[in-house]
Amino acid sequence: MNLSYPTLKTPLLMIELFTLLFFLSATSLFAAAPPPPNLPQGEIMRLGERMYREGVLPSGAPMPAFIRGDVEVDSTAFSCSSCHLRAGLGSFEGGVITPPTTGNKLYKPYIRPPSLGVIADRDGRDVYAKTVLERPPYNRETLATALRFGTDPTGHSFNDVMPRYPLADNDMSILINYLELLSKEPSPGASKDEFRFATIITDDVSQEDRQALLRPLQQFIAQKNQQLGMYNDFIKFGYTPTAEMKYAFRRASLDIWELKGPPTTWQKQLAAYNNNKPVFAVLGGISNSDWRPIHDFCEAERLPCLFPITDFPVISETGWYTYYFNKGFAQEGEAVARYLNRMENLSADTPIIQIVQDSPAGRALAAGFDKNWNEVGRPAVTTITLTASQLVDPAALAKILTKHKPGVLLFWTEAGLLQNLPALIARLPATEMVFVSSSYLGRQTANIAENIRNKVFITFPYRLNPYVGTKTGGFDAKIPILTGAKDFGDRRIASRTTAMLQQATLQGLNMIYDNLYRDHLFDVMSMQMDLVMRDYERFSFGPGQRYVSKGCYIIQLGPGENPTLLPRSEWVVQ
Amino acid sequence: MRVTLKTIVLFLLLALVSATLSANSAHAANKSYKRTVEKYTIPDIVLVNQDGKKVRLQSLFTGDTPVIVDFIYGTCTTICPVLSAGFVNLQGKLAVTGQKVRLVSITIDPENDTPKIMKEYLKRYRAKPGWDFLTGSRTDIDSVMRAFNAYIPDKMSHYPLNMIRNPKDGSWVRLFGIMSSREFLEEYQSVVGK
């Protein structure tokens, strides 16, 4: 083996030399600037956006890419925007710093901020992957080289996670042009001095609920403005602000966008408000109706809408511009499907019947159940939709139960049903389980008759753990949250709005610094760490995740007039 | 079109060459990842795979087939896609030689990663049978992370890690960092003894 070593090594060196020359000639070949695409700007944005976000070439083929020299990847699996994010300002995750990729930033010199220096964690691992200390500005030629060969203008190689893209000149030109236009101008409603916000209230909301929403919102705005005053005094007295402080204080204002009349007219009303005085984001909001017209407006305008109080959010896997607390009623239906799917002793042929009140809430609960039940590969269950008056007719209900003999019964109804529930349950087999929604039954949930409480399972989408922090320590741990029957029916408008403002939203607004782009606000919010909340066990984020509370307990009631809530499931059932 | 083909051909040649160079230098001195051999005690827990089926974790780590484990999540940016690209490339290379491997990805975002999301993730990467993606309760996922000395309190602070189980003695080769597909294949071959 030793003897053969030199003979093996020599051809290898020859190959390396040859390839080095080849590399140099190839680099010079590609150093030519890609010509500007001969296309209208709108078309460049459309094609470039598709390359950037979906990894699809203008031809419709996937963008080829390579990682670590030889790991071939399909850019439709993960694209430029997976790491550099939609606004192109980059990200930090898993120790990898992804730098900005907009023309604004690339065509300027870069100097690494001290906060992203080489820092080791407790186990000696680098907290951040090492990034370049500084680089000169890119131009179109060096940018094309960077995308193709993974080197910056000084020849420094990128981190291995950055793919290399063998793009043809025309495709490269479209992509570079797109990057030059990406996040070029600040979004409407934001300037270096001011953030303008609005909140949305529809005319089906009670005065009490309206105030519960507005109090924390207006307090938040007042606080921001008060802090700005203090910051200005701070400067006046000769103190030097930190980099973070420079961006954290701006004047803030809140408009109230009142929507009146039928939901079909809402989008027009919203457009009038937004055209008159555009806002950077919609903070909260409240409606008792389907949120869809507002959701669709925000999608079309690319306008962030942060955590409205609604039981009827749009359930979408691709919706981008609205953050919801959870999926509302649908999440409770979904929780029952997951719970039943995990039950060891539920025979596959047990008849499951959904009795659904003919109402938006009833339909949303049933749809949430059906969707999830279908996703886990179960056959459709029998669904019977009844009016409110049919639901309080014991004879009509008894007839349905006699006919279908359900082993599991889902009652997606209001509280009017509860008085008949003991008699109905008495007609059913001993193994019977009945599921109801605490959000739909409201305060009356606590009045479920004691003799049937062992049969009735209740969806409860809020926190049960009494301690927000750990029981033994931490700032939040001192006051236990004693959730009980008194909390049924409480929509928690003020507490949820306060929490979303003071935790998720404030953090997002502070972290965008001077990059005043709506997309960037969503990018940074989606990369937040989990938050522990007062009303929910946990908020979790992630690119594209828009329902931040994923949980819903299945509970039963303990005995007595003020029953204990007994969890029968985990917060999230998988 | 001629430009496109020329570009791609040149790029592929360069990629091949740079892989040769990097593999050589990796052999010679510094690897871009850290390799150790470990013993792990796997907790006796039941997780759920991409088909919604329950899977007893210990049952995956028996038999003569080498097993490779990583921790990822369905909506991850940056390192999970790279780890998954490594998995799918390895699967492809071993399929050519007829060698066996069982790939197991365990989510670190159990609240969001439902079987549906995991199935779509695998489909997106064109995973072949033999690559499973597992979710479960947060408590169980935490216990698996702890068992592999890979516990992180939040998914946003995770790091690239692959672990290859040697079927001969049940030991694990722990690979911390991002590998080229050639390095990954070599690590696999070192475990199977080739």
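The values are calculated or read from the model by the stated rules, or taken from the named source; none is laboratory data. Since the structure is predicted, the reported quantities are computational estimates derived from the model, not experimental observations. Note: ideal-geometry Cβ built from the backbone for every residue, glycine included; neighbour counts use all protein chains shown. Quick note on the areas: whole protein, heavy atoms, side chains included, nothing else; ligands and nucleic acids left out. Shrake-Rupley method; radii C 1.70, N 1.55, O 1.52, S 1.80 Å.
Observations
- Based on DSSP H segments of at least four residues, each scored -39500 (n - 2.57), the protein assembly as shown has a per-residue ellipticity at 222 nm of -11500 deg cm²/dmol.
- Between the listed residues B:Thr139, B:Ile42, B:Cys76, the Cα displaced farthest toward the positive end of the dipole of the protein assembly as shown, a dipole computed from Cβ unit charges relative to the Cα centre, is found at B:Ile42.
- Solvent-accessible area per residue for the protein assembly as shown (1.4 angstrom probe, square angstrom): 44
- Interchain or long-range residues, amide H under 5 Å from A:Gln545's placed H: none
- Relative contact order %, chain A, counting alpha carbon pairs below 8 Å whose residues are six or more apart: 11
- Separation of the B:Thr62 and A:Arg292 label points, Cα + 7 Å toward Cβ, nm: 5.1
- Cα-projected label distance for A:Lys399 with A:Ser359, points at 7 Å along beta-carbon direction, nm: 2.3
- By the rule of a C-alpha distance below 28 Å, with chain neighbours fewer than 8 residues away ignored, the lysines paired with A:Lys236 are A:Lys192, A:Lys224, A:Lys246.
- Where both bridge residues fall in region B:31-192, DSSP classifies roughly 65% of the beta bridges as antiparallel.
- Of the whole protein surface, A:His156 contributes about 80 Å² of accessible area at a 1.4 Å probe radius.
- Here the Karplus curve 6.51 cos²θ - 1.76 cosθ + 1.60, taken at θ = phi - 60°, turns the phi angles of region A:564-571 into couplings of 6, 8, 9, x, 10, 9, 6, 4 Hz, with x standing for Gly and Pro.
- Computed from protein heavy atoms with a 1.4 Å probe, the total accessible area buried between A and B is close to 5100 Å².
- Backbone amide hydrogens, once placed in the peptide plane, bring B:Arg102 within less than 5 Å of B:Val67, B:Ile68, excluding anything fewer than 5 places away on its chain.
- Cut-off 14 Å (backbone N to label point 7 Å along Cα→Cβ of A:Arg342), residues of region A:560-574: A:567-574
- Here B:Lys53 is the anchor, and the lysines within straight C-alpha reach of less than 19 Å, apart from those fewer than 8 places off in the same chain, are A:Lys371, B:Lys116, B:Lys119, B:Lys123, B:Lys128.
- A:Thr350 - accessible surface, heavy atoms, 1.4 Å probe, Å² rounded to 10: 40
- Cα extents of the protein assembly as shown along the three principal axes, largest first (Å): 93, 69, 53
- Space enclosed by the convex hull of the alpha-carbon atoms of region A:383-500, per residue, Å³: 138
- Here each label is just a point 7 Å from Cα along the line to Cβ, and for A:Asn420 and A:Asp514 those points are 6.8 nm apart.
- Charge dipole (debye, nearest 20) of chain A; +1 at Cβ of Lys and Arg, -1 at Cβ of Asp and Glu: 740
- Whichever aspartates and glutamates have a C-alpha closer than 13 Å to that of A:Lys184, once near sequence neighbours (fewer than 8 apart) are set aside: A:Asp514, A:Asp519
- Among the chymotrypsin sites (Phe, Trp or Tyr not before Pro) found in region A:312-379, not one is both in a DSSP coil and sparsely packed, with 10 or fewer other Cβ atoms within 10 Å of its Cβ.
- Under 25 Å, Cα to Cα: Lys pairs in region A:441-574, sequence gap 8 or more or different chains: 5
- In a DSSP loop and with at most 13 other Cβ atoms within 10 Å, the trypsin sites (Lys or Arg not before Pro) in region A:413-465 are A:Arg427.
- The simple Förster model, with R0 at 45 Å and r as the Cβ-Cβ distance, assigns A:Asp204 and A:Ala380 a FRET efficiency of 0.90.
- For region A:340-349, putting each phi into the Karplus relation 6.51 cos²θ - 1.76 cosθ + 1.60 with θ = phi - 60° gives couplings of 5, 4, 8, 5, 5, 9, 9, 5, 4, 9 Hz, in residue order, rounded to whole numbers and with x for Gly and Pro.
- Here's the picture: charge each Lys and Arg Cβ at +1 and each Asp and Glu Cβ at -1 in the protein assembly as shown, and of A:Ala87, A:Asn326, B:Pro153 the one pushed furthest to the positive end of that dipole is B:Pro153.
- Computed extension length for B:Thr36-B:Thr139: 34.4 nm, one decimal, from 0.36 nm per residue of separation with the Cα-Cα distance subtracted.
- Low-density loop positions, trypsin sites (Lys or Arg not before Pro), region B:38-69 - DSSP coil, at most 16 other Cβ in 10 Å: B:Lys39, B:Lys53
- FRET E, pair B:Ser190, A:Ser191, Förster distance 41 Å, beta-carbon r, rounded to 0.05: 0.10
- Its relative contact order, with pairs defined as Cα atoms under 8 Å and 6+ residues apart, puts region A:239-381 at 17 percent.
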